[in-house]
Amino acid sequence: MDTTAFIRMLQDTMACTDKSAVKRIIRFQHVSDYRYFLQHMPTVHSSLSPQQNIRNIPIIRGIACRLPAEETLERFAGRVWIEKDCKISVHASTQKSATAVEKGIPWGVNQIKAPLAWGTTTGHKVKVGVIDTGVDFSHPDLRQSLSRGINLLNRSMLPHDDNGHGTHIAGTIAAANQLQGMIGVAPRALISPVKAFDHNGSAFVSDIILGIEWCIRNRMNVINMSFGMKTKSKALLGAVINAHNAGVIIVASSGNDGKRRTVDYPARYPQTIAVGATNKLRRVAPFSNRGSYIDVYAPGDKILSAWLRGKYNEMSGTSMATSHVCGAIALLLAHKPGLTPTEIKAIIKRSVQPLRGSKARRTIGELDVMRMMQAVDKT
């Protein structure tokens, strides 16, 4: 490819103040083209205004930038792949603030039998990357469970939560304040909040990919992805495959549309563990997507967990189910380090509790921590 011509075209196109410009992800097919582009990136940047920045995404050999139209790049087809940098949303539906705290152990943590494993494992030092809206660093139930993480929306700031969703997820995974507050599935796991989502609970795919890259580079054991979208993204799939190959387990929520034959991306990718939601009766929650793409179900209906300003909130969604599964994996990894993503997925799937009132094949059921522990001890 004439990379010089590509750079010139990119500069010219981005310099146009066209209101129709949208965010796009461009991936280079050949390493040599990508490297050449990176060498000349400072020159490109110097010719653009601050609003027109180009972001480098090494994990997929790509960049993210605003461009007016795809047609301008057509002559480079075959050397670069272009896709729209789509918006992606967190997976939570109803919520209500909780005044009376369900002291100690929330129902979902009990239902998956996590407390029965705490004599053996508490998830000690297992690193969980939570790609979400950030976290409330001052929450008394989370203070012992957090590392610094990263704010991808403003790298000079801590990943403070301005939405609440990320704090709720973190609480279910690793809250550790049983005397005054609540306790999560893996109270001694270490959460790294990766803020990719804004106060509305939405993010661009490029931010998610940068979050996955940060998790790989910082050696996270597990990534919690409580979000999804309907369309597939080859760039996101590339990042997920990279994480999987690096030994990082990705747990993703299936979506809250009550669909029977489909789940959202990235849960639909085979390299992730796709999670559906159940209620207190061990039935699939009405809002949860379900069907053959689901790997495991977990409590996701009326889940009480940590919230902003040290408070608590009850939320429902496959997001909440996903955080239970992440916590369970942290318990398993602290007990038996070195298990691969493929091994963990197989252990979870063969250790499930049958669902109530479900015609689903018996291989898909609800998360059961004690069965997981027994299955791994037999191997």
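Only the coordinates and a few stated rules stand behind these numbers; no lab work does. What you are looking at is a predicted structure, and each value in this text was computed from that prediction instead of being measured. Virtual Cβ from ideal backbone geometry, glycine too; neighbours counted across all protein chains shown.
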More than 23 angstrom apart: percent of Cα pairs within the range 89-378: 45 percent
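With a cap of 14 neighbouring Cβ atoms within 10 Å, and only residues DSSP puts in a loop, list the trypsin sites (Lys or Arg not before Pro) found in the range 104-161.
Values: sites: K113, K125, K127, R143, R148, R155; in loops: K113, K125, R148, R155.
The qualifying sites are K125, R148, R155.
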Express in whole angstrom the spacing between the alpha-carbon centres of the range 275-324 and the range 132-181. 19 Å
Scalar couplings 3J(HN,Hα) for the range 249-255 by Karplus 6.51 cos²θ - 1.76 cosθ + 1.60 (θ = phi - 60°), nearest whole Hz, x for Gly and Pro, are 8, 10, 10, 10, 7, 7, x
Those aspartates and glutamates that a straight Cα-Cα span of less than 12 Å connects to K23, excepting residues fewer than 8 apart in one chain: E70, E83, D85, D207
If one builds a Gaussian network model of the chain from Cα atoms under 10 Å apart, the most fluctuating residue listed among M157, M229, M315 is M157
Furthest towards positive pole of dipole, V369, I169, S323, structure part the range 89-378, Cβ charges: V369
Take the chain, connect every pair of alpha-carbon atoms lying under 10 Å apart with a spring to form a Gaussian network, then pick out the residue of I249, I82, I112 with the largest mean-square fluctuation. I82
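Could you work out the relative contact order of the chain? I mean the mean sequence separation of Cα pairs under 8 Å and 6+ apart, divided by the number of residues, in percent. Before the final figure, lay out the partial values.
Numbers: 948 pairs, mean separation 69.6, N = 379.
It rounds to 18 percent for the chain.
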Residue by residue through the range 155-172, what is 3J(HN,Hα) from phi via Karplus (6.51 cos²θ - 1.76 cosθ + 1.60, θ = phi - 60°)? Round to whole Hz and write x for glycine and proline. 5, 7, 10, 5, x, 6, 7, 10, 10, x, 4, x, 5, 4, 4, 4, x, 5
Given the rule -39500 (n - 2.57) for each run of at least 4 DSSP H residues, summed and divided by the residues of the chain, what is its mean residue ellipticity at 222 nm, to the nearest 500 deg cm²/dmol? -8500 deg cm²/dmol
